[in-house]
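A quick write-up on the structure given underneath.
The values are calculated or read from the model by the stated rules, or taken from the named source; none is laboratory data. As the structure is a prediction and not an experimental result, all values here were calculated from the model. Note: ideal-geometry Cβ built from the backbone for every residue, glycine included; neighbour counts use all protein chains shown. Accessible surface areas use protein heavy atoms only, side chains included; no ligands, DNA or RNA. Shrake-Rupley method; radii C 1.70, N 1.55, O 1.52, S 1.80 Å.
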Amino acid sequence: MTVTSLKPHLDHAHVRSLLKDMIRIRRFEDKCAELYTQQKIRGFLHLYDGEEAIAAGIIPLLEKKDRVVATYREHGHALARGIPMGPILAEMYGKAEGCAGGRGGSMHLFSKDHNFYGGNAIVGGGLPMAVGLGLADRMAKTDAITVCFFGEGAVAEGEFHESMNLAALWNLPVLFVCENNGYAMGSAIGITESQTEICAKARSYNIEAQHVDGMDIVATEAAGRKALKSIAETGKPYFLECQTYRFRAHSMFDAQLYRSKEEVAEWRKRGPIVRFQAWLEEARLLHADEVDEITKEVDAEIADAVSFAEVANDEPVDSLTRYVMSPDRPKPPARIEPGKLITTTYREAVKAGIVDAMTRDERVFLMGEDVGRYGGCYAVSKGLLDRFGPDRIRDTPLSESGFTGAGIGAAMAGMRPIVELMTVNFSLLALDQILNTAATMRHMSNNQFGVPVVIRMATGAGKQLAAQHSHSLEGWYAHIPGLRVLAPATLEDARGMLWTALQEPDPVLIFENVMLYNKEGSLAENAGPVDIDHAALRHVGDDLTLITYGGSVDKTIEAARALLYDGISADVIDLRSLRPLDMDTILASVRKTHRALIVDEGWRSGSLAAEIGMRLAEEAFFDLDAPLARVCSEEVPIPYAQHLERAAIPQTDKIVAAAKNLMRAKP
C-alpha cells in the first residue's frame, strides 16, 4: 500500500488482520518445530517465535514493486510477504515444489514473484545486497523501496558499517530493520557491543533512526509507516531498531545455556500476540470466539501446507548441477574482420572496452575505489568521470565487501555494474559477497535470481609491491562453481572481453595482470567484443604443449621461440577462460604433441596447474609420452626485492629449462 497516514487505522478488519498474521506465523512455526523433531525438516531451523509483530507490522505496508531482504530467521517475513505456505514448507522439506526448489531450505527462502530476495545465512550478508537494490532503484529513478531485516548480531559485522555508510552517502531508498532480540546466537548484546543502543550506530552515519517496541504491533506498524513515508518523501535511508525477544532457542540445536527459563517466561508475558489479543478483547475490538475462528482458519491452512509438502517430490539427482549457471546464454559475438591497425596499450584497450560498454548500455556503470577523480589505481578509468559523470563513474569508500555486495544487488535488480577491486589481495575482503552471494544465488534460488555483475581486478607480481599487493589468486576463484573467470592476455581480449562478459547472466571475474597495463601493441581500430568460451592457440608446434594464461602468456611465447633454436617446436595455449576451462582445445593439442607443460603464476600447491594436470591425467593419460610438468610460483609470499620477486614467479628461462627437461623425459 502507499502510506498516506502515519497512524494505523484500527478498524475491525485491520486489527483482525494484524492478529491473524501474527498467529499464522506463530502456529506455522510451532508446526515446523514439531516436524523438525520428526526429522521432516533438517539442518538448522531458526524460529521467529516472539518476533512476529515486526514482520506482520511492516511488510504488509509494502507495495508489490518493493523488495525484501531477510535473515536466516525468515519464515515470518516470507509468510507476511504473501509467499504461499505450502511452497514455504515444501522448501523446508527440501522438495522440488518448494519456493526455491528444495535447494535453499529453511534459511534460504526465495520468491521472485514476491520480490523476496531471500533469507541469508551469513550474518549481515544481506545488507550490501539491499544497498545495491536501493542503488539500482535510485539510478533507474523508480520509487521502489528495499526493506532489509537483520538481527542485532549483524551490527558487529563490517558489512553493517559499510552498508550504512554507502546508503547514507548515496541517499538510497532503503529501510533497515534491526530485529534486536538481545542475543547474537548465545551472546547477550551487553557482552558483544560497547554501544548497545543500535540506533546510535545508525545515527552516526547521518541516517534517521527510531527505536520502537517490537513486541507492540501497533507501535511497530506506526514506526513502519513513518519510516516508509520518510523514504518516499526524502529518498534517504531510514533505520528502525525493533526491540524484541525470541522465545525459542537460536536454532533447534541450541540448549539455551546462556539464559534462564525465568527470563524467557518473563518476556513471554509481554509477547506480541498475547499482548495485542488481550488489548483487543479488553477494548471490545475483537471477541474470543473470533480468535478461535482465526486459529481454525490458520490451522486449516497449515494442514493443507503439510499435506502439500508431504506429497511433494524430490528433485531428481540428475538435475543436481542445473542452475549452477544460467541455462540461457547469449550467442557469442560475431567475428568482425579487423580494420586499420592502431598502436595502443593494454591499459587503453581496457578503457576502450569500458567506454564502449557504457556507450552501448545506460545500465552499465563503473564503481570502485578511486575510479573517478583519481582515474583508477592503474589509470584505466582516467577521464571517464568527465565523460560519464559521477553517477556512472562511482567512487566508493574503501569498503570492498560493501561496494562489491552493492554491485551484486544492483545487478540482481537489472543494472549492469562493473565493480573494480584495486588488487586481487583486496578482493579477499569481498570474498564473502563473491562466494556466498554472487556465486550461489542462481542455484540456491532455483534460477529465480541471477547476478549479472562483472568484477575486474589487477593480479600478479612484478611491480615490487611485496606480498600484500602482488599475489595471483585467480586460481582460487576458478575453484568456485557459479562464476566465470577470465584472464585477458592480449590487447584484443583486454578490449573485447568486457562487453561479452556484461551480456552474461551470471557473475564474471576478469583478472588483469599488472605487468600488462603498459604493454604496447597493435589493435584493430574497429576491435569489438570477443568470444570468452574458448582458449586460443598463440604459437604452433608439434613437440610439446605449453599451457598458460594472463601475465605468463608473453613469457611462454618467448620461451617457445627460444626452444626453436634447439629444434623444439611448441604449441602455446592461452587459456583465456579459467572457469570453465576449454579442455577440448587443450586435449586436441596434447593428443598431437603428447607432452604438456603448464605455466601458472599461482602457487604450486592446489594450483590451477594442478587442476589442468589432473584433468589431462584423467582424459589423456594414454596420449602422453612423458610425465606432466608445470612451472609455478615458488611457495613463498611475494617478496619486495626485485631479484627475489623475479625468482618467485615463472620467467622465460624457467619455462625453457622445464620444457627441455620434459623433452628428455620418458613415460
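Span-like helix criteria (full DSSP H runs; alpha carbon extent of at least 27 Å along the helix axis; mean Kyte-Doolittle hydropathy of at least -0.5) are satisfied in the chain by 288-311.
Residues whose amide H comes within less than 5 Å of that of Leu486, counting only those at least five positions distant or on another chain, are Leu509, Ile510, Phe511, Leu578 (H built at 1.01 Å from N in the peptide plane).
Please list Thr359, Thr548 in order of solvent-accessible area, largest first, computed with a 1.4 Å probe with all protein chains present. Please report the intermediate quantities before stating the final value.
Values: Thr359 90, Thr548 0 Å².
Order by accessible area, largest first: Thr359, Thr548.
Direction-averaged projected area, Cα convex hull, the stretch 196-339: 19.9 nm², rounded to one decimal.
Across the stretch 457-472, rounded Karplus estimates of 3J(HN,Hα) from the backbone phi angles (6.51 cos²θ - 1.76 cosθ + 1.60, θ = phi - 60°) give 7, 7, 9, x, 10, x, 9, 6, 9, 6, 5, 8, 10, 10, 7, 10 Hz, Gly and Pro being marked x. For the stretch 106-191, the set of GluC sites (Glu not before Pro) satisfying both a DSSP loop assignment and a count of at most 13 other C-beta atoms within 10 Å is empty. The slack between Ala647 and Leu257, meaning 0.36 nm per residue of separation minus the straight C-alpha distance, is 134.9 nm.
Listed by chain and number, the aspartates and glutamates placed with their C-alpha closer than 15 angstrom to that of Lys331 are Glu504, Asp506, Asp531, Asp533; residues fewer than eight positions away on the same chain are left out.
What the Cβ-Cβ distance of His14 and Glu282 gives, at R0 = 22 Å and to the nearest 0.05, is a FRET efficiency of 0.80. When peptides 266-272, 417-423 are sorted by average Cβ neighbour count within 10 Å, with the highest value leading, the order is 417-423, 266-272.
Amide H to amide H, with H built 1.01 Å from N, Lys95 comes under 5 Å of Gly102, counting only residues 5 or more places away or on other chains.
Roughly what % of DSSP beta bridges within the chain run antiparallel, to the nearest 5? Before the final figure, lay out the partial values.
On the way: 13 of 70 bridges.
Expressed as a percentage, antiparallel bridges in the chain total about 20.
Note on the chain: dipole from Cβ charges, positive end direction compared against Val324, Thr343, Ala80; the farthest Cα belongs to Thr343.
Here is the P(r) of the stretch 110-206: all C-alpha pair distances, binned every 10 Å from 0, give 16, 47, 29, 7, 0 in whole percents. Two-decimal Rg/Rh of the stretch 55-149 from alpha-carbon positions, Kirkwood Rh? Ratio value, two decimals: 0.97.
Assuming R0 = 56 Å, what is the FRET efficiency of Arg561 and Leu169, from their Cβ-Cβ distance, to the nearest 0.05? Step by step, r from the Cβ atoms, then E = 0.60.
Given R0 = 60 Å, the distance between the Cβ atoms of Phe621 and Phe247 translates into a calculated FRET efficiency of 0.50. Extending 7 Å from Cα along the Cβ direction at Gln39 and again at Leu537 yields two label points whose distance is 5.7 nm. Averaging sequence separations of C-alpha pairs under 8 Å and six or more residues apart, then dividing by the length of the chain, give the relative contact order as a whole percent. About 12 percent, as a whole number. At q = 0.17, 0.21 Å⁻¹, what log₁₀ I(q)/I(0) does a Debye calculation on the Cα points of the stretch 472-577 give, no solvent, two decimals? Summing over Cα pairs of the stretch 472-577 leads to -0.84, -1.15. Mean sequence separation of contacting Cα pairs (under 8 Å, at least six apart), scaled by the length of the stretch 1-111, corresponds to a relative contact order of 23 percent.
For the stretch 532-667, the antiparallel share of DSSP beta bridges with both residues in that region comes to about 20%. Working from label points 7 Å from Cα in the Cα-to-Cβ sense, the Leu341 to Thr295 distance is 8.5 nm.
When His443, His75 are compared by accessible surface with a 1.4 Å probe, the order from highest to lowest is His443, His75. All alpha carbon pair distances within the stretch 287-425 were sorted into 5 Å bins beginning at 0; the resulting P(r) in whole percents reads 2, 7, 11, 13, 12, 9, 9, 7, 6, 6, 6, 5, 4, 2, 1, 1, 0. Here the chain has 52 percent of its accessible surface on carbon and sulfur atoms, given a 1.4 Å probe and all protein chains in place.
Rg over Rh for the chain works out to 1.04, both radii taken from alpha-carbon positions and Rh defined as the Kirkwood radius.
Just to confirm the filter: which trypsin sites (Lys or Arg not before Pro) across the stretch 297-355 are DSSP coil and have at most 16 other Cβ within 10 angstrom of their Cβ?
Working: sites: Arg322, Arg335, Lys340, Arg347, Lys351; in loops: Arg322, Arg335, Lys340.
Those that pass, being in a loop and sparsely packed, are Arg322, Arg335, Lys340.
From most to least packed by mean Cβ count within 10 Å, the peptides 50-59, 193-202, 127-136 give 127-136, 50-59, 193-202.
Entry comment: accessible area of the chain is 40 Å² per residue, from protein heavy atoms only and a probe of 1.4 Å.
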